[in-house]
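Read the figures in this text as sums done on the coordinates, not as results from a lab. Only a predicted model underlies this, so the values are computations on that prediction, with no experimental measurement involved. Cβ: placed from backbone, ideal geometry, glycine included. Neighbour counts: every protein chain shown.
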Amino acid sequence: MSKLSGAQILLRMLKEEGVDTIFGYPGGVVLDIYDELARTDLRHILVRHEQGAVHAADAYARTTGNVGVCLVTSGPGATNTVTGIATAYMDSIPIVVFTGQVPTKLIGNDAFQEVDIVGITRPCTKHNYLVKDVRDLAKTIKEAFHIARSGRPGPVLVDLPKDVSIGKTTFKLPDDVQLRSYNPTYVPNRKQLKKAMDLIQKAEKPLIFSGGGVILSRAHKELTELACANQIPVTSTLMGLGGFPGNESLWMGMPGMHGTYRANMAISECDLMIAVGVRFDDRVTGKTDEFAPKAKIVQIDIDPTSIQKNVQVHVPVVGDCKISLELLNQMISQNNDMKNFATAHDEWLDRIENWKLTTPLAYEQKDVIKPQFVIEKLFELTKGEAIITTEVGQNQMWAAQYYHFNEPGRFISSGGLGTMGFGLPAAVGAQVAAPDKLVVDIAGDGSIQMNIQEMATAVQYNLPVKIVILNNGFLGMVRQWQQLFYDKCYSSTKFQHTPDFVKLAEAYGAVGLRATKPGEVEKVLKEGLACNKAVIMDFVVEPEECVYPMVPAGAPISNMLLV
Amino acid sequence: MTKKHILSILVDNEPGVLSRIAGLFSGRGYNIESLCVAETVELNVSRITMVTKGDSMILEQIKKQLNKLINVIKVADLTDQEFVERELVLLKVNAKTENRAEILRVTDIFRGQVVDVGLEHFTISITGDADKVNAILSLLKPFGIREIARTGSIAMFRENHAK
């Protein structure tokens, strides 16, 4: 058998793992890997900042369902990935990040561009490795991919000292991964499912509360079947949007801090909550003691730590969402006592419909552009078929409220960490993953500036991403909190200077468009969406618009500010 | 209700594993009262015995979070089961002529051993569970304890309860 260098083994193993695209940025200690890379057919997307590489790989993973891959250098290259890794960790996204490291002999000596990235990322990775011997490399890479994609997915980091990349060893394909300390439970305990079904059977006001787990396990069909066959209304967290069709009559919208009135009221009134792939985040629950106070809770999750962490659960089901729902659906269809269930709670559904009619999502039209109007128009013009990435803040909430998602993988947003600057590099990653789809980043004038450099990446690779900036001249969400809870003291939230985004787009070689009046919105959107280049659409919107409804932090979710 | 728990954790004997566990506890605000780590007879496996405190929901999370770490093989909660617990303590106590006999008598009652002796001190080693250790400490305290080194508890299920 011939000997391969560490760099060659890395690239060979990437191929074995089915990787065809990586996002990265070269540097001193990864030169040997980049040198080998030039001789392979692996596509490398050169970003403009390592954080962008991780967000792009993250969105690539969310779009394709495969593991996203990054390659960066040591020291600052590695530390620049940390925000991206933490973002992926909070949202359980499978990515593998390869960081260069100084030669093993220099580790610990404060060498040039040395940083203990394994130490730094320990709390924000699912697992991480420092490879000290080239003979361990192939096996480590195989384990890294296995851990990233299995169970509750998440980011894995592999730190590669320069001498490991250069070192040679006989290459042998590693065996299948066997880790005695890591065996996620996919198939749930049937007794628990039976208990869940017994609770469903008794319920008069049932509700499904689904989250990112449904998207990650692609359990949307099974979820839709459970809901539709039994006429159970559905609400989904930000991470779960697209897990249930947004145009279904059973759809209640998102719950929580900026949830719909009907979703929050239904949670507060329901007598049974079937929670699927959710972790009861504080932005959803508000005051946990008063969250779903009348409900028995069934919780399905592949990660036991997500169960019973924030709220008391009556029937825990540890298992993969898709498999669990499939089995539950089977059990229900074979149960004669469930035959009349679907028609037995019409009164409950009427109540929810009534909440929708009396208190829908609404905003006031004026002679300035309302940000919600832009999203509504965008939804209309794209027929709901775009892949939407978002930044974080008001733009993200309006996107979640006014764009309706019918499929998983359509809404790509930093839910857990709330990372400003996520949307543009995510749009780059999504567009690389889905070249034929329309990809739109819904942004604010604040967060777009956090990773604006990735415009150059979009232009270099002819990625026709569309950036919709809801430009209000403020850090809108923080300003909203200041307005509501800090006596309108707008401390450091007004941008005294913002670049001209149209000129900025042009400077990057992209197209820049602007709308300042409601009448121009449709025209600009149409022109921008039709363009086959990267486009920034700058919508100058009402500066002091708030996202409503709003539940103040820590309050019960039935306590909503409606306007 | 907050309660003391003794956890016995089998882990891969690899660099960084202890840091993962310590980081988990500090990052999530859990409490470590004592921690004892050593190899087992099995190659590449270490046992960590940890004393921690929390209510039942926190303890459930601690155990689940530990199990979630890739390098953790098994977590057992010994509390509420039959188990034996031992801690080794070395303590250096002031021993003036007039107190020496009394200190030796106390040491003897607790089946301790004097492992080092000087003109004005004894170094005593004691093994036992937390109650016994605390009892002898309170008896020797009036003489003046100069230094103390404790291993923290190690523990095991009694065989008839072990699975």
GNM of chain B, Cα pairs under 10 angstrom: of B:Thr151, B:Thr127, B:Thr40, the biggest fluctuation goes to B:Thr40
Report the label-to-label distance for A:Ser2 and A:Cys531 in nanometres (one decimal), using points 7 Å from each Cα along the Cα→Cβ vector. 4.8 nm
When each of A:Lys221/A:Lys339; A:Lys191/B:Lys4; A:Lys195/A:Lys383; A:Lys287/B:Lys4; A:Lys142/A:Lys191 is checked by Cα-Cα distance, pairs over 30 Å: A:Lys191/B:Lys4; A:Lys195/A:Lys383; A:Lys142/A:Lys191
What distance in nm lies between label points placed 7 Å from Cα along the C-beta direction at A:Thr498 and B:Asp108? 8.6 nm
Hey, quick one: spin label on B:Glu33, modelled 7 Å out along Cα-Cβ, who in the stretch B:136-150 has an amide N within reach, i.e. under 13 Å? none
For the stretch A:371-540, what does the relative contact order come out to in percent, with C-alpha contacts under 8 Å and a separation of six or more? 21 percent
Shielding by partners, peptide B:66-75 (average Cβ within 10 angstrom, other chains): 4
Please give the per residue volume of the convex hull enclosing the alpha carbon atoms of the stretch A:371-540, rounded to a whole number of Å³. 110 Å³
Averaged across the residues of A:291-304, what count of C-beta atoms belonging to other chains lies within 10 Å of each residue's C-beta? 1
Lysines within cross-link reach of B:Lys141: Cα-Cα under 20 Å, excluding same-chain residues under 8 positions apart? B:Lys92, B:Lys96, B:Lys132
Using every pair of alpha-carbon atoms in the stretch B:1-40, split the distances into 5 Å bins beginning at 0 and state the percent of pairs per bin, rounded to integers. 5, 17, 29, 27, 14, 4, 2, 0
Within 10 Å of the Cβ of an average residue in A:126-132, the count of other chain Cβ atoms is 2
Just flag the GluC sites (Glu not before Pro) in the stretch A:376-451 sitting in loop per DSSP whose Cβ has no more than 16 other Cβ atoms within 10 Å. A:Glu385
Expected unfolding gain across A:Arg43-A:Asn247 under the 0.36 nm per residue rule, minus the alpha-carbon gap, is 69.7 nm
Would you kindly compute the Cα radius of gyration of the stretch B:3-77 and its largest Cα-Cα separation (Dmax), both in Å? 11.5, 35
Determine by what factor the alpha-carbon radius of gyration of the protein assembly as shown differs from 2.2 N^0.38 Å, reporting the quotient. 1.09
One finds the C-alpha centres of the stretch A:519-563 and the stretch A:103-179 to be spaced, in Å, by 42 Å
Quick one: plug the Kirkwood hydrodynamic radius of chain B (C-alpha pairs) into Stokes-Einstein at 10 °C, 1.306 mPa s, and report D in µm²/s. 91 µm²/s
Ranked by Cβ crowding within 10 angstrom, fewest neighbours first, how are A:Met338, A:Met254 ordered? A:Met338, A:Met254
Sorted from fewest to most neighbouring beta carbons within 10 Å, what does the list A:Leu199, B:Leu140 look like? A:Leu199, B:Leu140
Assertion target for A:Tyr25, A:Tyr60, ordered by fewest C-beta neighbours within 10 angstrom first, is A:Tyr25, A:Tyr60
For the pair A:Ala344 and B:Asn160, what calculated FRET efficiency results from E = 1/(1 + (r/R0)^6), where r is the Cβ-Cβ distance and R0 = 60 Å, to the nearest 0.05? 0.70
Quick one: compute the contact order of chain B, relative version, from alpha carbon pairs under 8 angstrom and 6+ residues apart, as a percent. 28 percent
Identify all lysines with a Cα-Cα distance to A:Lys105 below 18 Å; exclude those on the same chain that are fewer than 8 residues away in sequence. A:Lys132, A:Lys162, A:Lys168
Based on Cα coordinates alone, diagonalise the gyration tensor for the stretch A:155-304, multiply each eigenvalue by 5, take square roots, and list the semi-axes in whole Å, largest first. 38, 19, 15
Need one number: nm distance between label points at A:Leu357 and A:Tyr486, each 7 Å from Cα along Cα→Cβ, rounded to one decimal. 4.2 nm
Which part of the stretch A:290-304 falls in the paramagnetic zone of A:Asn189, meaning amide N under 20 Å from the point 7 Å along Cα-to-beta-carbon? A:296-304
Once you have all Cα-Cα distances for the stretch A:304-355, histogram them in 10 Å bins from zero and send the whole-percent values. 20, 27, 41, 13
Could you tell me the relative contact order of the stretch A:3-170? Use alpha-carbon pairs under 8 Å, at least six residues apart, and round to a whole percent. 28 percent
By a straight-distance test (C-alpha under 20 Å), which aspartates and glutamates pair with A:Lys3 as possible cross-link partners, with residues fewer than eight away in the same chain excluded? A:Glu16, A:Asp32, A:Asp35, A:Glu36, A:Asp133, A:Asp136, A:Asp163, A:Asp175
Take the alpha carbon atoms of the stretch A:1-48, find their center, do the same for the stretch B:67-136, and report the distance between the two centers in whole angstrom. 56 Å
Would you please name the trypsin sites (Lys or Arg not before Pro) within the stretch A:368-441 that are DSSP coil residues with at most 12 other C-beta atoms within 10 Å of their C-beta? A:Lys383
Compute and list, largest first, the equivalent-ellipsoid semi-axes of the stretch A:348-444 from the alpha carbon gyration tensor, each √(5λ) rounded to a whole angstrom. 25, 16, 14
At a Förster distance of 30 Å, what's the computed FRET efficiency of B:Asp129 paired with A:Ser181, Cβ-Cβ distance as r, to 0.05? 0.50
Summing -39500 (n - 2.57) over every DSSP H run of at least 4 in chain B, dividing by its residue total and rounding to the nearest 500, the 222 nm mean residue ellipticity is -9000 deg cm²/dmol
